[in-house]
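Engineer: Below is a structure I'd like to ask you about.
Any read-out appearing in this document is the output of simple, stated calculations on the displayed coordinates, not a laboratory observation. A quick note: this is a predicted structure, and the numbers were derived from the prediction, not measured. FYI the Cβ positions are ideal-geometry reconstructions off the backbone, even for glycines, and counts take in every protein chain you see.
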Amino acid sequence: MSEPALISRTWPFWDFLAGRRPAPGAAKTLGWELSWVAPERGEIEVFFAATEDFVNPMGNVQGGFLAAMLDDTLGPALVATLNDREFAPTLELKVSFLRPAAPGRIVGTGRVVHRGGSIAFLAGELRDETGELLATGTATARPIRPVQGAPPKEAT
């Protein structure tokens, strides 16, 4: 998606990408950075900065952080396809951990597999900087259009 197209969209996700609102706390913690987004295809690639603060006693990134990274990859893939004023909470997230993840840059790719009227199915992967597959995930989300006139929840 081109930079002008990003700037023309509104609602919290687009406002964050265009710099009109600060990054959500979870995105800041995970070091979330957009590589590219293709709303017309329901696909996204993002980068995460896994710091030493994320490691378990074995020195690997703790699985809960990887699950959060997948959630913060799959959700935006769907959100990018939504109309203004819609959002999509995750109803279910399944993660398969395939190999240990070291601190450093982690690349997340996500896609909308299928979207019906009230449910969407999502899938994605996390890879390290060398392209090694670290984890895969699938999610179910529910696109919702809020009550007319309700303002978006402000970022904290």
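Engineer: Does residue 47 satisfy being closer than 24 Å to residue 10 by Cα, under 17 Å from the mean Cα position of the chain (by Cα), of a type in the set (Phe, Trp, Tyr) and surrounded by 13 or more Cβ atoms within 10 Å (Cβ to Cβ)?
Structural biologist: yes
Engineer: Report whether or not residue 82 is part of a helix (DSSP H, G or I) and closer than 20 Å to residue 120 by Cβ.
Structural biologist: Considered against the rule, which asks whether it is part of a helix (DSSP H, G or I) and closer than 20 Å to residue 120 by Cβ, residue 82 comes out as no.
Engineer: Conditions first: (1) buried (at least 16 other Cβ atoms within 10 Å of the Cβ); (2) out of contact with any helix residue (DSSP H, G or I) (no Cβ under 6 Å at 6 or more places or on another chain); (3) aliphatic (A, V, I, L, M). Residue 95 passes all but one, so which condition is the exception?
Structural biologist: So residue 95 meets the others, but not (2).
Engineer: Quick check: anything in the range 4-26 among the acidic types (Asp, Glu) and either in contact with a Lys or Arg (Cβ under 7 Å, 6 or more places away or on another chain) or at positive phi (or both)? So that I can check it myself, show each step before the final result.
Structural biologist: To start, the set of residues in the range 4-26 that are among the acidic types (Asp, Glu) comprises 15.
Next cut, either in contact with a Lys or Arg (Cβ under 7 Å, 6 or more places away or on another chain) or at positive phi (or both) only: 15.
Yes, the range 4-26 has at least one match.
Engineer: Would you be able to tell me the number of residues in the range 75-92 that are over 17 Å from residue 31 (Cβ atoms) and crowded, with 18+ Cβ neighbours inside 10 Å?
Structural biologist: At the first step, the residues of the range 75-92 found to be over 17 Å from residue 31 (Cβ atoms) are 77-92.
If we keep only those that are crowded, with 18+ Cβ neighbours inside 10 Å too, we end up with 77-82, 87-88.
Residues meeting the conditions: 8.
Engineer: Given 77, 27, 49, which one is in contact with a Gly (Cβ under 7 Å, 6 or more places away or on another chain), over 28 Å from residue 117 (Cβ atoms), without any contact (Cβ under 8 Å) to a residue 60 or more places away in the chain and not acidic (Asp, Glu)?
Structural biologist: 49
Engineer: Restricting the search to the range 98-112, which residues are among the hydrophobic types (A, V, I, L, M, F, W, C) and either surrounded by fewer than 17 Cβ atoms within 10 Å (Cβ to Cβ) or farther than 17 Å from residue 40 by Cα (or both)?
Structural biologist: If the condition is that a residue be among the hydrophobic types (A, V, I, L, M, F, W, C) and either surrounded by fewer than 17 Cβ atoms within 10 Å (Cβ to Cβ) or farther than 17 Å from residue 40 by Cα (or both), then 98, 101, 102, 106, 107 are the ones that fit.
Engineer: Follow-up question, since we're still on this one. Pick out, from the range 89-141, the strands (runs of 3 or more DSSP E) lying fully within it that include 1 or more residues that are charged (D, E, K, R).
Structural biologist: Because the criterion is at least 1 residues that are charged (D, E, K, R), the strands (runs of 3 or more DSSP E) in the range 89-141 that meet it are 90-97, 104-115, 120-128.
Engineer: Here's another thing I want to ask about it. Just one of (1) free of Cβ contacts under 8 Å to residues at least 40 places away in the same chain; (2) on the phi > 0 side of the Ramachandran plot trips up residue 104, so point out which.
Structural biologist: (1)
Engineer: Taking the range 9-24 on its own, how many of its residues are closer than 18 Å to residue 83 by Cα, in contact (Cβ under 8 Å) with a residue 12 or more places away in the chain and not aromatic (Phe, Trp, Tyr)?
Structural biologist: Result for the range 9-24: 5.
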